[in-house]
Amino acid sequence: MKMIDQAEEKNITVNRKASHEYFIIQTYEAGIILTGTEVKSLRQGKANLVDSYAALKDGEVWLHSVHISPYEQGNIYNHEPTRTRKLLLKKSEIRKLIGKVKEKGLTLIPLRLYFKEGKVKVELALAKGKKVYDKRASIAKKDLQRDQERRIKF
């Protein structure tokens, strides 16, 4: 039996669409308030971050539209799959985020959910939306890099 290091992080789900849709400016690690059945469902890897975002309200950070599937053995104690969940950040971090989100075009996007030392954490990104031409340029750059890597292999 293999021993697992306590500091090791285990990804639950990753928002792959985020890097295509947004320029990532800065990332933050936040805790999240969950119910017991949500944690059990996350241990099974049943979560989806597509179209999710974080919003600031009354000096607190809230995570919206994250889909955590109901736990199969949860019966009447099950949770609502897309409920709004509170994120746990330091006051100084929240103050910085309030100032930055007020800037035009900046938003908070969850990049991934993961376990760290037995706790569920959210990697939150301060991001700016890409325009259509930016997305095309990113795709062209990736294609060019992929072609160069192929040529180097041979």
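The values are calculated or read from the model by the stated rules, or taken from the named source; none is laboratory data. The structure displayed is predicted, hence computed values, not measured ones. Cβ sites come from the backbone with ideal geometry, for glycine too, and all protein chains shown count toward neighbours.
The residues in segment 20-46 that are under 11 Å from the mean Cα position of the chain (by Cα), more than 17 Å from Glu117 (Cα to Cα) and small (Gly, Ala, Ser) can be counted, and the count is 0. From Ile76, Ile32, Ile94, which residue is farther than 30 Å from Ser138 by Cα, of a type in the set (A, V, I, L, M) and at pLDDT below 90? Exactly one residue qualifies, and that residue is Ile76. State all residues of segment 60-100 that are within 20 Å of Ile25 (Cα to Cα), crowded, with 16+ Cβ neighbours inside 10 Å and among the β-branched types (Val, Ile, Thr); if no residue qualifies, say none. Those that are within 20 Å of Ile25 (Cα to Cα), crowded, with 16+ Cβ neighbours inside 10 Å and among the β-branched types (Val, Ile, Thr): Val61, Ile94. Evaluation of Lys104 against the conditions (1) surrounded by fewer than 14 Cβ atoms within 10 Å (Cβ to Cβ); (2) in a helix (DSSP H, G or I) shows that the sole unmet condition is (2). Taking residues in segment 2-19 that are within 12 Å of Glu123 (Cα to Cα) and modelled with pLDDT of 80 or more, and partners anywhere that are of a type in the set (Phe, Trp, Tyr) and assigned to a strand (DSSP E or B), the pairs with Cβ atoms closer than 7 Å and at least 6 places apart or on different chains are Asn11/Tyr114; Ile12/Tyr114; Ile12/Phe115.
Yes/no matrix, rows are residues, columns are (1) farther than 30 Å from Lys142 by Cβ; (2) loosely packed, with under 15 Cβ neighbours inside 10 Å:
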site: Arg16; (1), (2): no, yes
site: Ile25; (1), (2): no, yes
site: Asn48; (1), (2): no, no
site: Lys57; (1), (2): yes, yes
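Looking only at segment 97-140, which residues are among the aromatic types (Phe, Trp, Tyr) and modelled with pLDDT under 90? Result: Tyr133, single match.
Residues that are more than 28 Å from Ser41 (Cβ to Cβ), surrounded by 10 or more Cβ atoms within 10 Å (Cβ to Cβ), touching a residue at least 12 places away in the same chain (Cβ under 8 Å) and over 14 Å from the mean Cα position of the chain (by Cα): does segment 113-129 have at least one? Within segment 113-129, one or more residues are more than 28 Å from Ser41 (Cβ to Cβ), surrounded by 10 or more Cβ atoms within 10 Å (Cβ to Cβ), touching a residue at least 12 places away in the same chain (Cβ under 8 Å) and over 14 Å from the mean Cα position of the chain (by Cα).
With respect to the conditions (1) closer than 20 Å to Asp51 by Cα; (2) of a type in the set (A, V, I, L, M, F, W, C); (3) touching a residue at least 40 places away in the same chain (Cβ under 8 Å), Ile68 lacks only one, and its number is (3).
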